[in-house]
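K.L.:
Pasting a structure below so you can have a look.
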Amino acid sequence: MKFSKVVIDGIVVIEPTVFVDKRGSFLESYNKNEFEKVIGKVSFIQDNESRSSKGVLRGLHYQTPPFAQAKLVRCIEGEVLDIAVDIRKSSPTYGLYHSEVLSCENKKQLFIPRGFAHGFLVLSDSATFAYKVDNAYTKDNEAGIQWNDKQLGIKWGVKESEILISDKDVQLPLFSKFKSPF
């Protein structure tokens, strides 16, 4: 596995080694020992999966403490644009984002620590998105910020009219109006 740190501290791009032969392919999607050498100890407690059609945008979501979540995300079918926004008040990269195309072709994964808002946009006809989390989901602690906030300036690469978003996500506060719990 190849682990690459990015400009925003804590985010790591993970590229597994893929073995290909006439039968198909094999990869190790998670190896606790390798993961902990680079990222440190994270105790994942749950695996989640979503399936979405082209243009679906899920996010930008996070959970407030004490139920904040670190995530290890990947796209196992199709292609998504994955976004992580730093919402740690004391971080020098507060309000900045990292984007990464994750696909079944490139097999990349993204580790997103606690203190980030996260979302993704489906670029292919459909996509299956999988993620490990290190803390339980609680409805009372779910929160988020607007995906299209001009202050964040996220380059989603599609027209706003092509995006399908939940009614709940449309109601999320603007970044300029939100108070970070981190």
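Rule-based calculations on the coordinates, nothing more; no lab input. No experiment lies behind these values; they were computed from the predicted model shown. Here the Cβ is made from the backbone with ideal geometry for all residues, glycine too, and neighbour counts use every protein chain on show.
K.L.:
For each of PHE26, PHE175, PHE129, count neighbouring Cβ atoms within 10 Å of the residue's Cβ, then give the residues from fewest to most.
P.N.:
PHE26, PHE175, PHE129
K.L.:
Related question: By how many nm would the segment from ASN106 to MET1 lengthen if fully extended, with 0.36 nm per residue of separation less the alpha-carbon distance? Numbers along the way, then the final one.
P.N.:
On the way: separation 105, 0.36 × 105 = 37.80 nm, distance 1.30 nm.
Between ASN106 and MET1, full extension yields 36.5 nm more.
K.L.:
Set Lys and Arg Cβ to +1 and Asp and Glu Cβ to -1, take the dipole of the chain about its Cα centre, and tell me which of ILE14, ILE39, VAL85 lies farthest positive.
P.N.:
ILE39
K.L.:
Longest span of the chain, sites excluded, free of trypsin sites (Lys or Arg not before Pro) in DSSP loop with at most 10 other C-beta atoms within 10 Å?
P.N.:
Segment 42-149 is the longest.
K.L.:
How high is the FRET efficiency between LEU96 and ARG23 when r is their beta carbon distance and R₀ equals 45 Å, given to the nearest 0.05? Intermediate values should be presented prior to the final figure.
P.N.:
Values: r = 43 Å, r/R0 = 0.95.
Result of the calculation: an efficiency of 0.55.
K.L.:
When VAL85, VAL56, VAL18, VAL6 are ordered from fewest to most other Cβ atoms inside 10 Å of their Cβ, what list results? Please list the in-between numbers first.
P.N.:
Details: VAL85 27, VAL56 19, VAL18 11, VAL6 15.
By the 10 Å Cβ count, ascending, the order reads VAL18, VAL6, VAL56, VAL85.
K.L.:
Pop the C-beta distance of SER43 and VAL158 into the FRET formula with R0 = 35 Å and round what comes out to the nearest 0.05. Please list the in-between numbers first.
P.N.:
On the way: r = 36 Å, r/R0 = 1.03.
For SER43 and VAL158, the calculated efficiency is 0.45.
K.L.:
Between beta-carbons, use under 13 Å as the cut-off and find the net charge around VAL20, counting Lys and Arg +1, Asp and Glu -1.
P.N.:
+1
K.L.:
Name the GluC sites (Glu not before Pro) in the range 74-182 that are in a loop by DSSP and that have at most 16 other C-beta atoms within 10 Å, would you?
P.N.:
Those that pass, being in a loop and sparsely packed, are GLU105.
K.L.:
If the only charges are +1 at each Lys and Arg Cβ and -1 at each Asp and Glu Cβ, what is the size of the charge dipole of the chain around the Cα centre, to the nearest 20 debye?
P.N.:
360
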